[in-house]
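What follows is one structure encoded as structure tokens, with my remarks underneath.
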Amino acid sequence: MNGLLTDLYELTMAAGYFAAGKQKDAGIFEFTVRRLPKNRDFVLTAGLHHAIDYLLNLRFTPEEIAWLKELPNFRNAPAAFWDYLATFRFTGNVFAVPEGTVLYEGQPLMNIQAPLIEGQIPETFLLSAITFETLVASKAARITHEAQGRSVVEFGTRRAHTPEAGVLGARAAYIGGCAGTSNTLAGYRYGIPLMGTAAHSWVMSFASETEAFRELQKLLGDRTVHLLDTYDTLQGAKNAAALGGPLWGVRIDSGDFLDMSRKVRKILDDAGLHGAKIMASGDLEEVRIAQLVAQGAPIDAFGVGTELAVSGDAPSMGAIYKLVEIESGGEVRMTAKQSPDKKTLGGAKQLFRLPDHDVLALHDECIPGAEAMLKPCILRGRLVQPLPDAATIRACAQAAMSPWPVAGRRTILSPKLEKVNAGLA
């Protein structure tokens, strides 16, 4: 994994730590959800797989090191620092909440216990990787919740900020409850069910819509989904109905979904195609889906792209990665930021979950009857056990959100954590 995929100041600090003789100091860094995204009562965590892969494979190549040497920031870096980077590996410990966990404001998602430089360099990557997938998974959870049992398919790669974001976003959306994705690589890489048949260009490439539908059915059989609105939605429905089965159903990609779905349903039923399903797609999100469901629209599935792939209403999250403890020369010191509006809590922490509230405590505390949420993932630079696959994580996420998490869940501080931090102020 490319060691340069980080902010410059992570590397200048690494060189500075080394020059100051702090390469043997140990630090504990904590990744915390400081503020929830807009319109969110909780987040559903995702992206740990990407973070763990990064830490296990973080390297600096000779070419990258040679390039860094030429940068002005490193003109005073000790020569031994470059030898250090040449053999750099992550050798620390990682404790994290499993993917598919529900978290609330102020709760830790991960802590990194490692030599100071090894804990510092990953900050940028970890914040980016975990925040992005967590945002998409949380958005997917909201959308699928409002669909009330109707399938939601992730269609977002063409609107994602990069092609790779489309792949990772598809995985996160699946964890959040989507039934499948249109992204082929996500299906191959993560075992996510694939869905999708043909676009408007397919229909337009034939002399008639009926011919396009007939040829698609020859290819796909009972997996056929006819796209109805290339020309005229209701005529498209009549053309599909005239061909009969086999087919999965039809898709409406524009217009008044409530009115069109009712009229298309009647056309299909009148042709005896009672089992044919209707999918709606096109600028959908949880508010519009909730309205359609409440209005009784005969829609069996929703395809959601843009709003899901970029978490449209809440594209950022106030996540932070801060040093909370340091060991130097055999002395352990807790650290905390004290600036207004950005205060942090010192000390390595554990999050404990009880039925009606959570407790944030120091990592060596025990809360009777509670589950410790931060689990060991990497110990001494080695993976503790293989990470679960996307389907397993999805099942855990569904269990975590049933019943639907309530807003304003309490997180209280243990007396010991409160006392320690009172002394840091």
Quiz item: Any idea which of E371, E365 is over 30 Å from A147 (Cβ atoms) and acidic (D, E)?
Solution: E365
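Going through G149, G169, G180, G156 one at a time, which residue ends up being touching a Pro at 6+ places or on another chain (Cβ under 8 Å) and not assigned by TED's automatic domain parsing to the domain that holds L387? Steps first, answer last, please.
On the way: G149 fails: touching a Pro at 6+ places or on another chain (Cβ under 8 Å); G169 fails: touching a Pro at 6+ places or on another chain (Cβ under 8 Å); G156 fails: touching a Pro at 6+ places or on another chain (Cβ under 8 Å).
G180 is the lone residue from the list that is touching a Pro at 6+ places or on another chain (Cβ under 8 Å) and not assigned by TED's automatic domain parsing to the domain that holds L387.
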Exercise. Could you figure out which of (1) among the polar types (S, T, N, Q); (2) closer than 30 Å to K375 by Cβ; (3) out of contact with any strand residue (DSSP E or B) (no Cβ under 7 Å at 6 or more places or on another chain) isn't true of S201?
Key: (2)
Self-check item: Of residues in region 327-349 being farther than 17 Å from F31 by Cα and hydroxyl-bearing (S, T, Y), the one surrounded by the fewest Cβ atoms within 10 Å (Cβ to Cβ)
Solution: S339
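Tell me yes or no: at least one residue of region 24-40 is assigned to a helix (DSSP H, G or I) and either touching a strand residue (DSSP E or B) at 6+ places or on another chain (Cβ under 9 Å) or closer than 26 Å to V332 by Cβ (or both). Break it down into steps so the answer makes sense when it comes.
Residues of region 24-40 assigned to a helix (DSSP H, G or I): none.
No, region 24-40 has no match at all.
Which of the helices (runs of 4 or more DSSP H) contained wholly in region 226-332 include at least 3 residues that are within 34 Å of the chain's Cα centre (by Cα), among the aliphatic types (A, V, I, L, M) and modelled with pLDDT of 95 or more?
Numbers: elements: 233-243, 257-270, 286-294, 306-309.
Because the criterion is at least 3 residues that are within 34 Å of the chain's Cα centre (by Cα), among the aliphatic types (A, V, I, L, M) and modelled with pLDDT of 95 or more, the helices (runs of 4 or more DSSP H) in region 226-332 that meet it are 286-294.
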Quiz item: Restricted to region 90-136, and to residues that are within 12 Å of the chain's Cα centre (by Cα) and small (G, A, S), which residue is surrounded by the most Cβ atoms within 10 Å (Cβ to Cβ)?
Solution: G100
Practice problem: For region 222-249, enumerate the residues that are in contact with a Phe, Trp or Tyr (Cβ under 8 Å, 6 or more places away or on another chain) and over 18 Å from A280 (Cβ atoms). | Solution: D222, R223, N239, L243
Quiz item: Can you tell me which residues in region 351-395 are closer than 25 Å to K416 by Cβ, part of a loop (DSSP other than H, G, I, E, B) and under 22 Å from the mean Cα position of the chain (by Cα)?
Solution: M373, L374
Practice problem: Please identify the pairs in which a residue from region 35-53 that is closer than 12 Å to I175 by Cβ has its Cβ atom under 6 Å from the Cβ atom of a residue that is in a loop (DSSP other than H, G, I, E, B), counting only partners at least 6 apart or on another chain. | Solution: L44/G176; T45/V97; T45/E99; T45/T101; A46/E99; L48/E99; H49/L387
Quiz prompt | Considering residues of region 157-206 that are hydroxyl-bearing (S, T, Y) and in contact (Cβ under 8 Å) with a residue 12 or more places away in the chain only, the residue nearest to A399 (Cα to Cα) | solution = Y174
Exercise. Would you confirm whether any residue within region 160-167 is touching a Phe, Trp or Tyr at 6+ places or on another chain (Cβ under 9 Å) and of a type in the set (D, E)?
Key: no
Quiz prompt | Output for region 154-184, where each listed residue is within 15 Å of V310 (Cα to Cα), out of contact with any helix residue (DSSP H, G or I) (no Cβ under 7 Å at 6 or more places or on another chain) and outside any helix (DSSP H, G or I) | solution = F155, H161, T162
Practice problem: Name the residue, out of A129, A114, A46, A51, that is in a strand (DSSP E or B), within 27 Å of A372 (Cβ to Cβ) and assigned by TED's automatic domain parsing to the domain that holds M373. | Solution: A114
Quiz item: Any idea which of (1) buried (at least 17 other Cβ atoms within 10 Å of the Cβ); (2) more than 21 Å from V33 (Cβ to Cβ); (3) of a type in the set (S, T, N, Q) is the one T87 doesn't satisfy?
Solution: (1)
Quiz item: Right, T91: β-branched (V, I, T), at pLDDT 95 or above and outside any helix (DSSP H, G or I) or not?
Solution: yes
Quiz item: Out of (1) under 24 Å from the mean Cα position of the chain (by Cα); (2) part of a loop (DSSP other than H, G, I, E, B); (3) farther than 20 Å from A66 by Cα; (4) of a type outside the set (F, W, Y), the odd one out for T6 is which?
Solution: (3)
Practice problem: State whether one or more residues within region 59-70 are of a type in the set (G, A, S) and at pLDDT 95 or above. | Solution: yes
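The values are calculated or read from the model by the stated rules, or taken from the named source; none is laboratory data. All values reported here derive from a predicted model rather than from experimental measurement. Here Cβ is always computed from backbone atoms with ideal geometry, including for glycine, and neighbour counts include all displayed protein chains.
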